[in-house]
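Trainee: Once you've had a glance at the structure underneath, I'll fire off some questions.
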Amino acid sequence: MYDSLSRRGIVWAEQTLNEDAAAARLLSALPCVDSSRVGCFGWSMGAHRAWLLGAFCPQIKAGAALCWMTLKRTQANPPTASDYSMMIPALRERYDFPDIAKWLAPKPFLFLNGTADRLFAEAEVRQAFARMQQIYASKGARGQLRTEFFDGTHHCGVRVQDTVQSYFDSLWEGSPGF
């Protein structure tokens, strides 16, 4: 898939981001939607998509990313097929994953990771979260980024889903239509 798109000058992850952004623009334009409360959430590869969408789509006002944050040095070299589906070469060559906070801030965002996640080791995720917090603070957005760990592996169980729902509830509590 990556090779066939690449031969046509298309970056798979950029194509996915553009499609996600088009969906967010459509949703925000609907008369029944409060465009000030459009958020995104993703788990695993979906988390990667969520933080990219949050960073580069102005219609997204807040987000949550579950089980996808680390440091670039932890990724496979050469990249795996899964990596290619998420790789935007211009970003990957120049920035580390936590640097996405440069484009996310000051949007409210929640990042969660399991302490026993075998895909995203706690030590590296803690370093990535610390870097993201520094970036948010440098942009005057301290407190807008929540980074947390839960006991468990790479999963999106009911308790974790409840955490995400509570996060969005707390952001938009008291908003019209809530």
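The values are calculated or read from the model by the stated rules, or taken from the named source; none is laboratory data. Since we're looking at a predicted model, the values are computed, not measured. Reconstructed Cβ throughout: ideal geometry from the backbone, glycine too, with neighbour counts over all protein chains shown.
Trainee: If we scan segment 146-157, do we find a residue that is out of contact with any Ser or Thr (no Cβ under 8 Å at 6 or more places or on another chain) and hydrophobic (A, V, I, L, M, F, W, C)?
Mentor: Scanning segment 146-157 turns up no residue that is out of contact with any Ser or Thr (no Cβ under 8 Å at 6 or more places or on another chain) and hydrophobic (A, V, I, L, M, F, W, C).
Trainee: Check whether at least one residue in segment 32-41 is under 14 Å from the mean Cα position of the chain (by Cα), β-branched (Val, Ile, Thr) and over 18 Å from THR163 (Cα atoms), and report yes or no.
Mentor: No; the residues of segment 32-41 include none that is under 14 Å from the mean Cα position of the chain (by Cα), β-branched (Val, Ile, Thr) and over 18 Å from THR163 (Cα atoms).
Trainee: Restricting to segment 105-138, count the residues that are of a type in the set (A, V, I, L, M) and buried (at least 20 other Cβ atoms within 10 Å of the Cβ).
Mentor: Residues flagged as of a type in the set (A, V, I, L, M) and buried (at least 20 other Cβ atoms within 10 Å of the Cβ) within segment 105-138 amount to 6.
Trainee: Further question on the same structure: Does PRO31 satisfy the condition of being within 24 Å of LYS139 (Cβ to Cβ), surrounded by fewer than 14 Cβ atoms within 10 Å (Cβ to Cβ), without any contact (Cβ under 8 Å) to a residue 12 or more places away in the chain and out of contact with any Lys or Arg (no Cβ under 7 Å at 6 or more places or on another chain)?
Mentor: So PRO31 fails the test.
Trainee: Also: Can you name every residue in segment 52-74 that is out of contact with any helix residue (DSSP H, G or I) (no Cβ under 7 Å at 6 or more places or on another chain) and either under 19 Å from GLN165 (Cα atoms) or assigned to a loop (DSSP other than H, G, I, E, B) (or both)?
Mentor: The one that is out of contact with any helix residue (DSSP H, G or I) (no Cβ under 7 Å at 6 or more places or on another chain) and either under 19 Å from GLN165 (Cα atoms) or assigned to a loop (DSSP other than H, G, I, E, B) (or both): PRO58.
Trainee: Can you pull out every residue in segment 63-74 that is buried (at least 17 other Cβ atoms within 10 Å of the Cβ) and more than 10 Å from the chain's Cα centre (by Cα)?
Mentor: Taking segment 63-74 as the starting set, the residues that turn out to be buried (at least 17 other Cβ atoms within 10 Å of the Cβ) are 63-71.
The answer is THR70, LEU71.
Trainee: Quick check, is ARG49 farther than 25 Å from ILE10 by Cα and either not in a helix (DSSP H, G or I) or not acidic (Asp, Glu) (or both)?
Mentor: No; evaluated as a whole, the condition is false for this residue.
Trainee: Which condition from (1) of a type outside the set (Val, Ile, Thr); (2) closer than 20 Å to GLU124 by Cα; (3) at pLDDT 95 or above is the one that ALA22 breaks?
Mentor: (2)
Trainee: Go through segment 73-89 and give me each residue that's charged (D, E, K, R) and farther than 17 Å from GLY46 by Cβ.
Mentor: Within segment 73-89, ARG73 is the sole residue that qualifies.
Trainee: Mind checking which helices (runs of 4 or more DSSP H) fall wholly inside segment 80-178 and carry at least 3 residues that are in contact (Cβ under 8 Å) with a residue 40 or more places away in the chain and among the hydrophobic types (A, V, I, L, M, F, W, C)? Steps first, please.
Mentor: Details: elements: 81-86, 89-94, 101-104, 122-138, 158-172.
Filter on segment 80-178 gives 101-104, 122-138, 158-172.
Trainee: Answer yes or no: is there a residue in segment 81-90 that is surrounded by 20 or more Cβ atoms within 10 Å (Cβ to Cβ) and either under 15 Å from the mean Cα position of the chain (by Cα) or not hydrophobic (A, V, I, L, M, F, W, C) (or both).
Mentor: No, that holds for no residue.
Trainee: Looking at this structure, is ARG159 over 15 Å from the mean Cα position of the chain (by Cα) and of a type in the set (D, E, K, R)?
Mentor: Spelling it out, ARG159 is indeed over 15 Å from the mean Cα position of the chain (by Cα) and of a type in the set (D, E, K, R).
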